[in-house]
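The values are calculated or read from the model by the stated rules, or taken from the named source; none is laboratory data. Remember, it's a predicted structure, so these values are computed and weren't measured experimentally. We place every Cβ from the backbone using ideal geometry, glycine too, and count neighbours over all the protein chains shown.
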Amino acid sequence: MRWYLVRTGKNNLTSLPRDFSAEMPLLRSVTVEHNQIKTFHPDTFAPLTLNEANRVRFIGNPLHCDCKLTFALQYPPSWLNAQCETPQALKDQPLK
């Protein structure tokens, strides 16, 4: 597919497929802002991690910041621009 940009903001999404970006080699920007996504798999955005110029916007999702999301700490800081919703000890803390 020749997709460069995918915007799925404000759609009440609760998850993304593990292979979300696998068939979109030209994808450079994904916006999943203001949905209901709590976690995602390391493979979901794997092709995008090859180039720091690519971007994933995640703000406004109730992320559950546990050990299953530690892989996301390797992403460029500008990518996720997201905050933790749970656990309570991390509520409103940036995912970084």
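Some notes on this structure:
- Of all the residues in the stretch 70-84, those that are surrounded by fewer than 19 Cβ atoms within 10 Å (Cβ to Cβ) and modelled with pLDDT of 85 or more number 4.
- Residues that are at pLDDT 85 or above and over 14 Å from the mean Cα position of the chain (by Cα), drawn from the stretch 43-69: 66, 67
- Candidates are the residues of the stretch 79-96 that are in a loop (DSSP other than H, G, I, E, B) and among the polar types (S, T, N, Q); the one that is farthest from the chain's Cα centre (by Cα) is 93.
- Whichever residue in the stretch 1-17 is surrounded by 13 or more Cβ atoms within 10 Å (Cβ to Cβ) and of a type outside the set (Gly, Ala, Ser) and, among such residues, is farthest from residue 59 (Cα to Cα): 3
- Contact map, the stretch 23-35: residues that are at negative phi paired with residues that are in a loop (DSSP other than H, G, I, E, B) and among the charged types (D, E, K, R), Cβ distance under 8 Å, separation 6+ or inter-chain. Pairs shown: 26/2; 33/10; 35/10.
- Within the stretch 42-58, the set of residues being assigned to a loop (DSSP other than H, G, I, E, B) and buried (at least 16 other Cβ atoms within 10 Å of the Cβ) comprises 44, 45, 54, 58.
- Hits in the stretch 11-56 - residues which are out of contact with any Gly (no Cβ under 6 Å at 6 or more places or on another chain) and within 19 Å of residue 91 (Cα to Cα): 14, 35, 36, 37, 38, 39, 40
- Among the residues of the stretch 23-41, those identified as surrounded by 14 or more Cβ atoms within 10 Å (Cβ to Cβ) and assigned to a loop (DSSP other than H, G, I, E, B) are 24, 27, 28, 32, 33, 34, 35, 37, 38, 39, 40, 41.
- Counted residues, the stretch 36-68 - those being of a type in the set (A, V, I, L, M, F, W, C) and closer than 14 Å to residue 15 by Cα: 5
- Taking the criterion of being touching a helix residue (DSSP H, G or I) at 6+ places or on another chain (Cβ under 8 Å), among the basic types (Lys, Arg) and closer than 15 Å to residue 71 by Cβ, no residue of the stretch 1-50 qualifies.
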